[in-house]
Ligand code: ZN
């Protein structure tokens, strides 16, 4: 049975950029290896969540892995928290958190508290907060970030953020997004926690406040192995992607030099993935920087980073024994500096599978590819069928 390598280049696709002669960064890049993979395989275009939906990275990845969003997703918090190594259990409510600076009227002056790094002691003091019936866990993230998990009976994460998401606005009270006993209780717990944190942090020079966002409840979610009978591993730099993989039961493989930034070592990530096939059936490699560069409006560096990815993919052009899948989780427009709902290109190549006439891995070139137009939820069933493991529907 063929082993599967799924490479998701975050925000790889883009819109045409006039400064690039009307090409997208992917179209403008010199990428002989990606084009070779497209030539030797089958291509198409994919709306990762659905047509006309601007996907977040979390919902896009879950959809690509075959998990239906309305059924399994309530917010980003649990995935971020798991990515920081927290042990998230079914029913837990998790949040993304920031240390921030506020003035005496609780008006936000700096959402990131000067990007403070040393927050270990602040977190220790917040861990002393007591709330009846609720266990509180806090884990440090990068810089000013942390994750907060609440564990207890009758909690529901469908509540609003305390983070106003802008400076010169007041810290918000969390409110139920859907009115029920559980959401009311959870919002109350969050507001109580925030109030107590003010008291603890009020004399701190910079990080005198916390802001919470992205609340989510971890629902029951079948593991990747349960769903597909594949032993899976993940190589990623960014915490969110490790968190998603961890919650789906994939093993997280740490690769030196995998930073989630443009300086990341894509070559070592790919070479490590190839070695993992001795132990695993499925390896997911996440490559982040195209998205961040586009969100900074930096289409020139995005194009250069695509060329760096392309160089790292060279060994794959000779590995016909592996089913290689390359795609993106969403389009990130360098001009709009944000995710857009445009579909992403997808290619699948391996031994004895259909090919098409497409010779370039580009947004427009793949529009006439043999996979046609698919949704994110279709990708795993297609992969499973290509390796000959799809169950028969009917008799
Ligand atoms: Zn993304």
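The values are calculated or read from the model by the stated rules, or taken from the named source; none is laboratory data. What you see is a predicted model, and the numbers here were worked out from it, not measured in a lab. Backbone-built Cβ (ideal geometry, glycine too); neighbour counts: all protein chains shown.
At a glance:
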item: Candidate set from the stretch 6-23 (those that are part of a strand (DSSP E or B) and surrounded by fewer than 24 Cβ atoms within 10 Å (Cβ to Cβ)); member that is nearest to the ligand (Cβ to nearest atom); result: 6
item: Criterion (under 30 Å from residue 296 (Cβ atoms), over 21 Å from the mean Cα position of the chain (by Cα) and surrounded by fewer than 22 Cβ atoms within 10 Å (Cβ to Cβ)) met by exactly one of 318, 335; result: 335
item: Condition check for residue 79: touching a helix residue (DSSP H, G or I) at 6+ places or on another chain (Cβ under 6 Å) and surrounded by fewer than 24 Cβ atoms within 10 Å (Cβ to Cβ); result: no
item: Complete set of residues in the stretch 262-301 that are in contact with a helix residue (DSSP H, G or I) (Cβ under 8 Å, 6 or more places away or on another chain), surrounded by fewer than 19 Cβ atoms within 10 Å (Cβ to Cβ) and within 24 Å of residue 65 (Cβ to Cβ); result: 271, 274
item: Every residue from the stretch 85-96 that is surrounded by 22 or more Cβ atoms within 10 Å (Cβ to Cβ) and either within 16 Å of the ligand (Cβ to nearest atom) or modelled with pLDDT under 95 (or both); result: 88, 96
item: Residue within the stretch 260-267 that is more than 28 Å from residue 17 (Cα to Cα), more than 16 Å from the ligand (Cβ to nearest atom) and in contact with a strand residue (DSSP E or B) (Cβ under 7 Å, 6 or more places away or on another chain) present; result: no
item: Filtered residue count, the stretch 299-327, keeping only those that are over 14 Å from residue 5 (Cα atoms) and within 16 Å of the ligand (Cβ to nearest atom); result: 4
item: Scope the stretch 176-192; condition surrounded by fewer than 20 Cβ atoms within 10 Å (Cβ to Cβ) and more than 26 Å from the chain's Cα centre (by Cα); matching residues; result: 179, 180, 181, 182, 184, 185, 188, 191, 192
item: Residues located in the stretch 241-286, provided they are within 24 Å of residue 227 (Cβ to Cβ), touching a residue at least 40 places away in the same chain (Cβ under 8 Å) and not in a helix (DSSP H, G or I); result: 248, 277, 279, 280, 281, 282, 283, 284, 285, 286
item: Condition met for residue 80 (away from the ligand (no atom under 16 Å from the Cβ) and outside any strand (DSSP E or B)); result: no
item: Any chance residue 197 is surrounded by 19 or more Cβ atoms within 10 Å (Cβ to Cβ) and assigned to a loop (DSSP other than H, G, I, E, B); result: no
item: Residue that is nearest to the ligand (Cβ to nearest atom) [pool: residues in the stretch 34-61 that are farther than 29 Å from residue 91 by Cβ and assigned to a loop (DSSP other than H, G, I, E, B)]; result: 54
item: Tally of residues being touching a helix residue (DSSP H, G or I) at 6+ places or on another chain (Cβ under 9 Å), more than 12 Å from the ligand (Cβ to nearest atom) and at pLDDT 95 or above across the stretch 337-355; result: 9
item: Only one of 64, 69 that is within 16 Å of the ligand (Cβ to nearest atom), closer than 23 Å to residue 380 by Cα and free of Cβ contacts under 8 Å to residues at least 40 places away in the same chain; result: 69
item: Residue 328, sole failed condition from (1) more than 23 Å from residue 145 (Cβ to Cβ); (2) over 14 Å from the mean Cα position of the chain (by Cα); result: (2)
item: Matching entry among 207, 147, 215 (being assigned to a loop (DSSP other than H, G, I, E, B), on the phi < 0 side of the Ramachandran plot and either touching a residue at least 40 places away in the same chain (Cβ under 8 Å) or surrounded by fewer than 18 Cβ atoms within 10 Å (Cβ to Cβ) (or both)); result: 207
